[in-house]
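First up is the structure itself, then whatever we jot down about it.
The values are calculated or read from the model by the stated rules, or taken from the named source; none is laboratory data. This structure is a prediction, so every number in the text was calculated from the model and none was measured. Heads up, the Cβs are rebuilt from the backbone with ideal geometry, glycines too, and the neighbour counts pull from every protein chain shown.
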Amino acid sequence: MDLTAARRIVVKIGSALLVEGDAPRAAWLASVAADIAALRGAGQEVVVVSSGAVALARRALGLTRRTLRLEEKQAAAAVGQIRLAGAWDAALAAHGLRAAQLLLTLEDSEDRRRYLNARATLSTLLGLGCIPVINENDTVATAEIRFGDNDRLAARVAEMTGADALVLFSDIDGLYTADPRKDPRAAHIPQVARITEEIMAMGGEPPPGYSSGGMRTKLLAGRIATGAGCAMAIAKGEAMHPLRALLDGARCTWFLPAPEGRSARKSWIGGSVQPAGVLVVDAGAARALARGGSLLPAGVRAVSGDFARGDALSVRDEAGRELARGLSAYDSADAARIIGHRSDEIEAILGWRGRDEIIHRDDLVVTSPA
């Protein structure tokens, strides 16, 4: 397993790698930006999940205690996020790349409509050639709704974007049978086919300190990512050009994607979701769906039901036979206004430009071929 075949890569970078004292590790960050530029030059897309906002502001605000109260973390994040975004912007700009900042909370990945909004934003940014730089929105997230660590946030982003590979950079070169700092007999594991309870037990407990991570949280992230059909690597990140080193075969642990991962979400759409409405399509649209295409408004003849954006719909032919199920990009009122029209007419009809598709092929599963 390696990065060369990955079309879309999510890279997670922790505070300990990015921040030294109260400043970014500028030379190291520049090397990471150079690696990202090289991946982009090879036609690969990159999303960065970066910690560091709180660490960059702690000393400036006099918050040097090991454990901070939630409101202190939120205040530090508000100050440090500006510095973090600026550091990434400058590093990527040196290679002609444009950084785009996104701050996410757990609710953004759990609420279906917010999930779709975040995914659409990320998709658009990648299409525009940007490098999304994502962090948890610590300034507003409460203790009850936080991801708690950016490893799991990165896994959610990998799932959300349909990434092929997730790289978690750490201070260790992968998973061992035991903690190598405590057990000299611990053996490195180069590849994990499935994250079983036996594998989870190797992760131990999260270490104390500024970070809320540790090997166990990385394995929890691995369950999310591999379950979504995304491979994951845990690799050492302190040295210069860590992505290039990984491409060159640096030692790490690869977690293989679950064979059923990519189809699991579509199985959920097709079989376990109660449709909130119905779209009736013409023969041309039915053929396009059977070939794996998206459902465009021009091919829809009728809309029924009261549904919101992100709700599941049944797609039927004019004889009433169900062809597919999928998640709508529009609510029922807007869908009724745009059906039968070309996608380039949507903005004139609605007064704003939504998606070209009523149901994108990534959100659609064919239940009966035309």
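Condition check: at pLDDT 90 or above, of a type outside the set (S, T, N, Q) and crowded, with 17+ Cβ neighbours inside 10 Å. Does Ala141 satisfy that? In short, no. When you check Ser15 against the structure, is it modelled with pLDDT under 95 and in the same structural domain as Arg66 (by TED's automatic domain parsing), yes or no? Considered against the rule, which asks whether it is modelled with pLDDT under 95 and in the same structural domain as Arg66 (by TED's automatic domain parsing), Ser15 comes out as yes.
Suppose we filter Leu116, Leu126, Leu103, Leu122 for residues that are assigned to a strand (DSSP E or B), modelled with pLDDT of 80 or more and crowded, with 17+ Cβ neighbours inside 10 Å; which single one remains? Give the steps one after another, and end with the answer.
Working: Leu116 fails: assigned to a strand (DSSP E or B); Leu126 fails: assigned to a strand (DSSP E or B); Leu122 fails: assigned to a strand (DSSP E or B).
That would be Leu103, the only listed residue that is assigned to a strand (DSSP E or B), modelled with pLDDT of 80 or more and crowded, with 17+ Cβ neighbours inside 10 Å.
Against the conditions (1) aliphatic (A, V, I, L, M); (2) more than 21 Å from Ala118 (Cα to Cα); (3) crowded, with 21+ Cβ neighbours inside 10 Å; (4) touching a residue at least 40 places away in the same chain (Cβ under 8 Å), Ala298 satisfies every one except (3). Out of all the residues in segment 333-352, is one or more touching a Ser or Thr at 6+ places or on another chain (Cβ under 8 Å) and at pLDDT 95 or above? Checking segment 333-352: at least one residue is touching a Ser or Thr at 6+ places or on another chain (Cβ under 8 Å) and at pLDDT 95 or above.
Going through Arg40, Arg58, Arg83 one at a time, which residue ends up being under 20 Å from Thr124 (Cβ atoms) and in the same structural domain as Arg119 (by TED's automatic domain parsing)? When all the criteria are applied, what remains is Arg40.
Suppose we filter segment 249-286 for residues that are of a type in the set (Asp, Glu) and either surrounded by 17 or more Cβ atoms within 10 Å (Cβ to Cβ) or at pLDDT 95 or above (or both); how many remain? Talk me through it step by step, then tell me what you get.
Kept after step one, since they are of a type in the set (Asp, Glu), are these residues of segment 249-286: 260, 282.
Narrowing further to those that are either surrounded by 17 or more Cβ atoms within 10 Å (Cβ to Cβ) or at pLDDT 95 or above (or both): 282.
Matching residues across segment 249-286 total 1.
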